[in-house]
Amino acid sequence: MYCSSWQFWSSLHKGSSGRCPWLLFPFFTLWLFAPPPSQLSRCDWLCVMTRSDRVVNCSCDWLKSLDLSRVTAFSPAEDRFNMAASLRCFLRTGKNAVSALQRREFHRSLPAAVQVTVRDALNQAMDEELERDERVFLLGEEVAQYDGAYKVSRGLWKKYGDKRIIDTPITEMGFTGIAVGAAMAGLRPICEFMTFNFSMQAIDQVINSAAKTYYMSAGLQSVPIVFRGPNGASAGVAAQHSQCFAAWYGHCPGLKVVSPWNAEDAKGLLKSAIRDDNPVVFLENELMYGVPFEMSEESQSKDFTIPIGKAKVERQGTHVTMVTHSRYVSHCLDAAAVLAKEGIECEVINLRTIRPLDVDCIETSVMKTNHLVTVEGGWPQFGVGAEICARVMEGPAFNYLDAPATRVTGVDIPMPYAKILEDNSLPQIKDIIFSVKKTLNV
Amino acid sequence: MELFNLNIGCSCGSRVVVSRSFADFTPQATFDIKKCDVHRLEEGPPVKATLTRDQGLQYYRIMQTVRRMELKADQLYKQKIIRGFCHLYDGQEACAAGIEAAINPSDHLITAYRAHGYTYTRGVAIKEILAELTGRKGGVAKGKGGSMHMYAPHFYGGNGIVGAQVPLGAGIALACQYQGNNQVCVTLYGDGAANQGQLFEAFNMAALWKLPCIFICENNKYGMGTSVERASASTDYYKRGDFIPGLRVDGMDVLCVREATQFAADHCRSGKGPIVMELQTYRYHGHSMSDPGVSYRTREEIQEVRSKSDPISLLKDRMLSNNMAAVEEFKEIDIAIRKEVEEAAQYATSDPEPPLEELCNHIFKNDPPLEVRGTHPWATLKSVS
């Protein structure tokens, strides 16, 4: 009985063109995607399916392919509880449970995965790169003795000392220029801006001295530097401290612009950025610093890097493509979970890199789902979403669109202070859900 | 250090009769040089400078080359073979020659847009400089940089944004200190840039961290069309470093510049931190080729400086009056340099422009090939590192 229902469900998934079968989904999705612990019984049968004594007599081909010798010997009750927790974790990212099971990810995630906050992931990345290459050093306001304005560089000064972790005076243009000069002369600086709002004071050094130099010198002079810091809105910091610079820096050739979401992104991308021989603008998000994420065993290795310029599909879907970056990946996944209950399967793409944009990933997805919604915190005019729409229009995916693309963005105003106003200045989950439904015309 | 080669006369094809033999010349002489004004220093550079015959001829050669190269650039610009910006350095040659004489090739140098002279003293060939000005593929930056963006090992340009090169220079000095290589960075800026805020930010950090940076203000009395009196509340540029010691130097005398730079380099290398130098100099041309240079100053003033303080004449007269060289030798050097510059100009006008395939290259270093958006969606352009 179990086998047959699995077969039916998995075949539905594989053969789905995104149209009528989703009508049947509510029954299966409600059953599978509701997370509370009291629903252990629903997870029971999943656990049951992987336990050796029940499986050997099953005739399902995919079950036979499982390597059951790798099942860890926990007590059955503990096993089921952990499985449920892992399942919740997985389902939050919207992973396809069937394919996840087939890939034995439940088993793999159990022993070695740890919960790491984005802040700690960034700290680890910098620590590892400082250790790996003597030329790497960090400079910025409060990075050393204060342990970082947001504690991202906690412990680094104690470990590496004054030479490699440098506190600067409050002189952005000056210390950014110094960092760029040091990069020109052979070092590999990490230049921290307390927030990217202050980078505006130094933007000439970032663009004219860093980004353009390799081109102007026809390859004679490179600038291996990372500019990092929190970008975009925080909480209650008002207009001058809440601007998103993704579009501003994303506009300029010669720069790479990266925008991580979770802890793995943060670590892998920061390591890649530091190892890159080019100027990289690394846009973090203050509100994400304290959020823990599961980090796989692979991502805990000292050589774990994520390539710059490649987006990641965080959640597979069939009805609409949501393209987003940074904090809004969480919002999109939450919106997708809600929409899934109504039978709308959203594909969520985490851009990871703003420049160069992974247009191929977006186009492949749009050609599958026929609908596009971009989500960002920045202002709409000349923004990241605007660029994505233009690129989709210019490429092969345009012919696959069943509706005009939609941009969900921050409100086109300087950020207000009062909480109610601030909350309504940025995309909320309800805005994303509303926009998806409008795009799908449901 | 290149030694003067007596055969230079013979190599250019003309028969030269040098009536006096080598042994007749004074091999070395000591000259009195102008005392430098000091700021926060017990004593300044020495007031006497020793010059050997070889050194003298070398400095002469360098300054004359820069002079002729700049005049050739002037000519090419008027013929519209050079376009865009062209900021000429003639009149200020003693600064470039004197600084280079006092530092090592392993030291670092960065300057602003009036950079052709320094590009030459830092080792780039004349033909590569002129070809860059004319925008040809044989240019030092393959035609992609232009007048203000020429680079060489330990020479960081050539910078177009006024004042931006000063924090960059402090950063290069930081790298020297970090790597412990006993090198210094010479960071140049003009009297116009001297009022930029980022300079003071750089001064603060350089002094705080004792960076081995020699900040040099080339005060040629005019920031574009604005005289120093109209731009600066304090025209004592050597004091503008406040807590940083300073020197005011006669920038028209190559020996003065050399001695002062030597003094400054020793100061930095000994770990005392940065130092500021003001070189009082003059430019004969306007701010750039689009500025005739006579609307904000008189022709008489220019003429007076030319006749009384020209750096090349100053050196030549000194050597002649001390019997260190013959008039004919200088003539030979002049002829040789003219020929060299002429050949370089020939090269710069005949070399082909960079191929269109090069358009998008050198965006990133060590990256796989990248597609670049052209002027319309159907233009497929590629960028190779």
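The values are calculated or read from the model by the stated rules, or taken from the named source; none is laboratory data. Note that this is a predicted model, so its numbers are computed, not measured. FYI the Cβ positions are ideal-geometry reconstructions off the backbone, even for glycines, and counts take in every protein chain you see. For accessibility, only protein heavy atoms count, side chains too; no ligands or nucleic acids. Shrake-Rupley method; radii C 1.70, N 1.55, O 1.52, S 1.80 Å.
Can you tell me which condition B:ALA131 does not meet? The list is (1) under 17 Å from B:ALA97 (Cα atoms); (2) open to solvent by less than 30 Å² (accessible area, probe 1.4 Å); (3) more than 10 Å from every other protein chain (Cβ to nearest Cβ), and all the others hold.
Going through (1) under 17 Å from B:ALA97 (Cα atoms); (2) open to solvent by less than 30 Å² (accessible area, probe 1.4 Å); (3) more than 10 Å from every other protein chain (Cβ to nearest Cβ) one by one, B:ALA131 breaks only (1).
Do you know which residues across the range B:147-172 are among the small types (Gly, Ala, Ser) and within 8 Å of chain A (Cβ to nearest Cβ)?
B:ALA152, B:GLY157, B:GLY160, B:ALA164, B:GLY169, B:ALA170, B:GLY171
Just a yes or no: is a residue in the range B:298-305 among the β-branched types (Val, Ile, Thr) and touching a Gly at 6+ places or on another chain (Cβ under 9 Å)?
Checked the range B:298-305: at least one residue is among the β-branched types (Val, Ile, Thr) and touching a Gly at 6+ places or on another chain (Cβ under 9 Å).
Under 8 Å by Cβ, and 6 or more places apart or on different chains, what pairs join a residue from the range A:139-155 that is under 12 Å from A:GLU284 (Cβ atoms) with one that is among the basic types (Lys, Arg) and part of a loop (DSSP other than H, G, I, E, B)?
Qualifying pairs under 8 Å: A:GLY148/A:ARG154.
Having 1 or more residues that are more than 10 Å from chain B (Cβ to nearest Cβ) and within 21 Å of A:VAL348 (Cβ to Cβ) is the bar; report the helices (runs of 4 or more DSSP H) wholly within the range A:198-311 that clear it.
Correct list: A:246-250, A:263-275.
Of everything in the range B:147-171, what is assigned to a loop (DSSP other than H, G, I, E, B), over 27 Å from A:LEU138 (Cβ atoms) and of a type in the set (Gly, Ala, Ser)? Give them in sequence order.
B:SER147, B:GLY158, B:GLY160
Which of the numbered conditions does B:LYS144 fail, given that it passes all the others? Conditions: (1) part of a helix (DSSP H, G or I); (2) of a type in the set (D, E, K, R); (3) touching a residue at least 24 places away in the same chain (Cβ under 8 Å); (4) within 12 Å of another protein chain (Cβ to nearest Cβ).
Status for B:LYS144: all satisfied but (1).
Has the range B:109-121 got at least one residue that is open to solvent by less than 10 Å² (accessible area, probe 1.4 Å), more than 8 Å from every other protein chain (Cβ to nearest Cβ), more than 21 Å from B:MET224 (Cα to Cα) and part of a helix (DSSP H, G or I)?
Yes; the residues of the range B:109-121 include at least one that is open to solvent by less than 10 Å² (accessible area, probe 1.4 Å), more than 8 Å from every other protein chain (Cβ to nearest Cβ), more than 21 Å from B:MET224 (Cα to Cα) and part of a helix (DSSP H, G or I).
How about the range B:172-196: which of its residues are under 12 Å from B:ARG240 (Cβ atoms) and either outside any loop (DSSP other than H, G, I, E, B) or open to solvent by 10 Å² or more (accessible area, probe 1.4 Å) (or both)?
Residues satisfying the conditions are B:TYR189, B:ALA193, B:ALA194, B:ASN195, B:GLN196.
Go through (1) open to solvent by 30 Å² or more (accessible area, probe 1.4 Å); (2) over 20 Å from the mean Cα position of the chain (by Cα); (3) of a type in the set (Gly, Ala, Ser); (4) closer than 30 Å to B:SER295 by Cα for B:GLY225 and report which single condition fails.
(1)
Quickly run through the range B:300-340 and pick out the residues that are without any contact (Cβ under 8 Å) to a residue 60 or more places away in the chain, among the polar types (S, T, N, Q) and within 22 Å of B:GLY98 (Cα to Cα).
B:SER307, B:SER309, B:SER313, B:SER321
Identify the single condition in (1) open to solvent by less than 10 Å² (accessible area, probe 1.4 Å); (2) under 29 Å from B:GLN179 (Cα atoms); (3) more than 14 Å from chain A (Cβ to nearest Cβ) that B:CYS256 does not satisfy, given that it satisfies every other one.
Every condition holds for B:CYS256 apart from (2).
With the condition kept exactly as written, say whether any residue in the range B:341-354 is within 14 Å of chain A (Cβ to nearest Cβ), modelled with pLDDT of 95 or more, surrounded by 16 or more Cβ atoms within 10 Å (Cβ to Cβ) and out of contact with any strand residue (DSSP E or B) (no Cβ under 7 Å at 6 or more places or on another chain). Working first, answer last.
Here is the first cut: in the range B:341-354, the residues within 14 Å of chain A (Cβ to nearest Cβ) are B:353-354.
Okay, now just the ones that are also modelled with pLDDT of 95 or more, so B:353-354.
Applying the additional criterion that residues be surrounded by 16 or more Cβ atoms within 10 Å (Cβ to Cβ) yields B:354.
Those still in the list that are out of contact with any strand residue (DSSP E or B) (no Cβ under 7 Å at 6 or more places or on another chain) too: B:354.
Yes, there is a match, as at least one residue in the range B:341-354 is within 14 Å of chain A (Cβ to nearest Cβ), modelled with pLDDT of 95 or more, surrounded by 16 or more Cβ atoms within 10 Å (Cβ to Cβ) and out of contact with any strand residue (DSSP E or B) (no Cβ under 7 Å at 6 or more places or on another chain).
Mind checking whether some residue in the range A:168-185 is crowded, with 19+ Cβ neighbours inside 10 Å, more than 10 Å from every other protein chain (Cβ to nearest Cβ) and at pLDDT 95 or above?
No, every residue in the range A:168-185 fails to be crowded, with 19+ Cβ neighbours inside 10 Å, more than 10 Å from every other protein chain (Cβ to nearest Cβ) and at pLDDT 95 or above.
Just need a number here: residues in the range B:361-385 that are in a loop (DSSP other than H, G, I, E, B), at the interface with chain A (Cβ under 9 Å from one of its Cβ atoms) and open to solvent by less than 50 Å² (accessible area, probe 1.4 Å).
Within the range B:361-385, residues that are in a loop (DSSP other than H, G, I, E, B), at the interface with chain A (Cβ under 9 Å from one of its Cβ atoms) and open to solvent by less than 50 Å² (accessible area, probe 1.4 Å) number 6.
Suppose we filter B:GLU201, B:GLU218 for residues that are assigned by the TED database to the domain that holds B:ARG318, under 26 Å from A:SER209 (Cβ atoms), more than 21 Å from the chain's Cα centre (by Cα) and crowded, with 24+ Cβ neighbours inside 10 Å; which single one remains?
B:GLU201
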